[in-house]
Amino acid sequence: MTESAPQAKYRKDYQSPTHTITDVNLTFDLNPERTRVTAISQVEQLSDQTELELDGEGIELVSVTVNGVAWQDYQQTESGLTLSNLPQKFELVIENDIAPAKNTALEGLYISDGAYCTQCEAEGFRRITYFLDRPDVLATYFTKVIADKAEFPYLLSNGNKVEHGDLDDGKHFVSWQDPHPKPSYLFALVAGDFDVLKDKYVTQSGRNVALEIFVDKGNLERAHHAMTSLVNSMKWDEERFGLEYDLDIYMIVAVDFFNMGAMENKGLNVFNSKFVLANEQTATDTDYLGIEAVIGHEYFHNWTGNRVTCRDWFQLSLKEGLTVFRDQEFSSDLGSRAVNRINNVRIIRGPQFAEDASPMSHPIRPEKVIEMNNFYTLTVYEKGSEVIRMMHTLLGESKFQAGMKLYFERHDGTAATCEDFVAAMEDASGVDLSQFRLWYSQSGTPTVTVTDRYDQDNQTYTLSVSQSTASTQDQSEKQPLHIPFDIELYAADGQAIELRCNGSKVANVLDITQANQEFVFDNVSEKPVPSMLREFSAPVKLNFEYSDEQLAFLMVHAQNEFAKWDAGQMLLAKYIKSNVVALSKGDKVHLPEMVIDAFRGVLLDSELEPAFIAEALSLPSFNEVSGWYETVDVDAVCDVIKGIKLILAEALQDELSAMYHMLKQAEYSVEHEAIGKRSLRNLCLQYLVHLAPFSGLAVEQYQTANNMTDTMAAMSAVNSASLKQRQAIMNDYSDKWSHDGLVMDKWFALQGTNPADDALDNLKACMQHKAFSLSNPNRTRSLVGSFLNMNPKRFHDKSGSGYQFAGEILAQLNESNPQVASRLIDPLLKFKKYDQERQSLIRTELEKLQQLDNLAKDLFEKVSKALN
Ligand code: TRP
Ligand code: ZN
């Protein structure tokens, strides 16, 4: 069969559904090769169209009945089933078969390590049965699951358990009733044998909620941090947002085969086991914090996503941007706000800005989509969260909360739009957001350029601000945005100067709304040092010609930690840029003494929390630096980053080594203070390992570590410095952990980022490791993903071997798991950023993919945009 090119859908073409389904009764008779699904739907016609077009993909129809009569009036199409001559209101019974054991795409019903599970977002329910698989059709679900009792003692679905019993042939069944109407993408089913961690939570209003976390047998003691995080999430959402849980049970199932992080199915979250399982021997501090954030994220979706869902998938940021904002606030309230902000900003300035500049650039509310799975992006999620955060900055916490309250009053139990959200914020606060709405429809990264002028005679200080957004592949014309611009002015003694305009006090957040604007501050008795875009108050690039002295001053005197960190990053950026130029002229990497002193000052500042110091001394990544250039000189950027690291290590070795020894902790704990100390100590190690006299430290730390954070930090130091003990240590770790894929992921990631010349050959050998499998997304992302994204030296090898390897893997994954393939391909899409030779090598690989006769929609969309 020759298939036509995949078709795009446009936001502007939204049409409300012709029919709705109010109730659905599902029966699953589970079998790996042939699972029978029976769906009894109560259907109502909403328009004058009597034809009903149901979505369905890769499923085998058995029978159709309308109001008890076998129905012949239907047609099967490539994308579903069209029924004709239907009554206004009817009961539709559809029987169909599916084959979960053959489902390697992990979308719909599939098998993960012997357990059945589902993933229905965005459009996976249509792989289970013919349905109105769109988020604006909300139904109540009754689900009966039948399976072998010995093999599958737990049969789970959404809502409350209402019936269970034994059947013939060793089978049993359990039925679930979910009282909350929901779209099909929130449906879930799980069947398997697990260990269960149980707890209870009593909500603010006194509802008893059973909490259950299902993990593979033997992993129970690794589920406690997830449970603690769940309880903390429930408490936090009550305290900060006044939102309570609404069912009697909340279940989380951890599975090893999962395309993303986790899924917020009503009452039955399915999680990638990476975001559930942790103990100090198997998980790093970063893993612990990731678990807290993702458990929170999925829990917070219960209100922002499930109670109020999306009208159509173009509105995805309505639930994702808002829920990311909520999970970031949760992590910030529980841990260090500054460190959380720094890490979130790194994601925006690195990979999100890169996405804006790529062929896949899109607004947080996309206009045009071929494959929805391609739009679960950093732009929709992370930039989406920044857009919510800007509204929070413009309104303040209490008006923002009033907006949330109004949003729920208006839209609880319905499918809403981004516009509905902004309107609620606007109506509840009285703040005009008309220009602000452009953030939803305009793609790309704005640049804000500032110059300043001090007038001694009039005691005024003027900031001249201009904004512009470069055109993007999806959108050539750009307009000025409403940008909240948080500033502070400092006098030479480090005191903040009160901000006054036209004789009256003004707030720190300026409203930039025009292409060019001037802000004149009066009563300014000396030329101040401006601190700008504080807290990264908008997702923009800031252009201002700071002197080294001004940045060093801000590193000491800025009133908040984020601004101090940012000043340090700007100072580093200046010298990374100038050294890239120097290197191309044959000069060596150089860093002035005063820059080194500024960082020494941060390192020795006892007022600062260790976790913050570690962030301040972390250099920007290769990917972030790449974003500063139209065309990146890969070799020069790698050499400069490495060179600066060596200079700092050399110059600060005494302080780093003293700090390293001072910060040693005897006992492991996941308290934030303990995490911070480990992170600074391991940062010290990362520098010191490059100096011969200290390289023994990393090996010693590997041998004596009593927790995975220190083990991994040691291994990663050994790996990045290519120490001679590397192979022995890698072997030791693999001997110890090869039975545990999740723990081996860290090892695979180190193989992927190995900077050595023969790294690619080694990596190919690792694909034969008994713990590796290309059918497992975590393994694939750890080994292959880290090579493509975090090993610039080897991935961009001039021979093209890295690109060719990527092409081969992508061609394989295109068949088995298109979603995973489509996430992996991103670094190749940005080929125009590299020199001519590299460009043409990458282009060749993309063209090979384009020629595949079974290219999935996912890769088709990205490859054709990139080659356009
Ligand atoms: N809604 C999920 C989240 O943000 C995202 C998700 C999980 C997803 N699995 C998916 C999206 C599969 C697309 C496909 O937490
Ligand atoms: Zn989400």
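Dipole magnitude of the stretch 470-576 about its Cα centre, charges +1 at Lys/Arg Cβ and -1 at Asp/Glu Cβ only, in debye to the nearest 20?
Result for the stretch 470-576 is approximately 60 debye, rounded to the nearest 20.
Within the stretch 355-491, count lysine pairs with alpha carbon atoms under 22 angstrom apart where the residues are 8 or more positions apart or belong to different chains.
Taking the Cα cut-off of 22 Å, the pair count is 4.
For the pair E397 and K664, what calculated FRET efficiency results from E = 1/(1 + (r/R0)^6), where r is the Cβ-Cβ distance and R0 = 35 Å, to the nearest 0.05?
Plugging the Cβ-Cβ distance into 1/(1 + (r/R0)^6) gives 0.30.
Per DSSP H run of n ≥ 4, the term is -39500 (n - 2.57); total these for the chain, divide by its residue number, and report the mean residue ellipticity at 222 nm rounded to 500 deg cm²/dmol.
-12000 deg cm²/dmol
Note down the magnitude of the dipole of the chain about its Cα centre, charges +1 on Lys and Arg C-beta and -1 on Asp and Glu C-beta and zero elsewhere, to the nearest 20 debye.
1160
In what order do C418, C638, C501 fall by count of nearby beta-carbon atoms within 10 Å, going from fewest to most?
Fewest-to-most ranking of C418, C638, C501: C501, C638, C418.
Residue farthest toward the positive end of the dipole of the chain, with Cβ of Lys/Arg at +1 and Asp/Glu at -1: which of S464, F408, G58?
The residue sitting farthest along the positive end of the dipole is S464.
What distance in nm lies between label points placed 7 Å from Cα along the C-beta direction at D761 and K368?
Here the modelled spin labels are 4.6 nm apart.
Measuring from a point 7 Å past the Cα of S441 along Cα-to-C-beta, which residues in the stretch 295-320 have an amide N at less than 15 Å?
315
Given Cβ point charges of +1 (Lys, Arg) and -1 (Asp, Glu) and nothing else, what value in debye, to the nearest 20, does the dipole of the stretch 105-208 about its Cα centre take?
440
For the stretch 82-165, treating each Cα as an identical point scatterer without solvent, what Debye log10 I(q)/I(0) comes out at q = 0.16 1/Å?
Each listed q maps to, in turn, -0.81.
With unit charges on the beta carbons (Lys and Arg positive, Asp and Glu negative) and the dipole taken about the Cα centre of the chain, which residue among L829, T711, L723 sits farthest to the positive side?
L723
Shape call for the stretch 1-120 from the C-alpha gyration tensor, a ≥ b ≥ c root eigenvalues: rounded (a/c under 1.5), prolate (a/b greater than b/c) or oblate?
Taking the square roots of the gyration eigenvalues as a ≥ b ≥ c, the stretch 1-120 is oblate.
What is the local net charge at L697, summed over the other residues whose Cβ is closer than 13 Å to its Cβ (Lys, Arg +1; Asp, Glu -1)?
Result for the local shell: 0.
Please work out how many pairs of lysine residues in the stretch 688-806 are eight or more positions apart (or on different chains) and have Cα atoms closer than 23 angstrom.
12
For a Förster distance of 25 Å, can you work out the FRET efficiency between the beta-carbons of S840 and Q475, rounded to the nearest 0.05?
E between S840 and Q475, to the nearest 0.05, is 0.35.
Which of rounded, prolate or oblate describes the stretch 153-308 when judged by the alpha-carbon gyration tensor and an a/c cut-off of 1.5?
oblate
Is the shape of the stretch 723-776 best called rounded, prolate or oblate, per the rule: a/c under 1.5 gives rounded, else a/b larger than b/c gives prolate, else oblate, with a ≥ b ≥ c the square roots of the Cα gyration tensor eigenvalues?
oblate
What number comes out for the charge environment of S41, summing +1 per Lys or Arg and -1 per Asp or Glu over other residues with Cβ under 11 Å away?
Around S41, the surrounding residues sum to -3.
Could you calculate the FRET efficiency of E815 with S4 from 1/(1 + (r/R0)^6), where r is the beta carbon distance between them and R0 is 30 Å, rounded to 0.05?
0.90
Taking the Cα-to-Cβ direction at E673 and at T50 and moving 7 Å from each Cα, how far apart do the two end points lie in nm?
Reported label-point gap for E673 and T50 is 7.6 nm.
Which of V380, A614, T286 sits farthest toward the positive end of the charge dipole of the chain, with +1 on the Cβ of Lys and Arg and -1 on the Cβ of Asp and Glu?
Checked the options; the winner is A614.
No value in this document is a laboratory result; all are computed from the given coordinates. This one's a predicted model, so the numbers in the text were calculated from it and none came from an experiment. With ideal geometry, Cβ positions are generated from the backbone for all residues, glycine too; neighbour counts draw on all protein chains shown.
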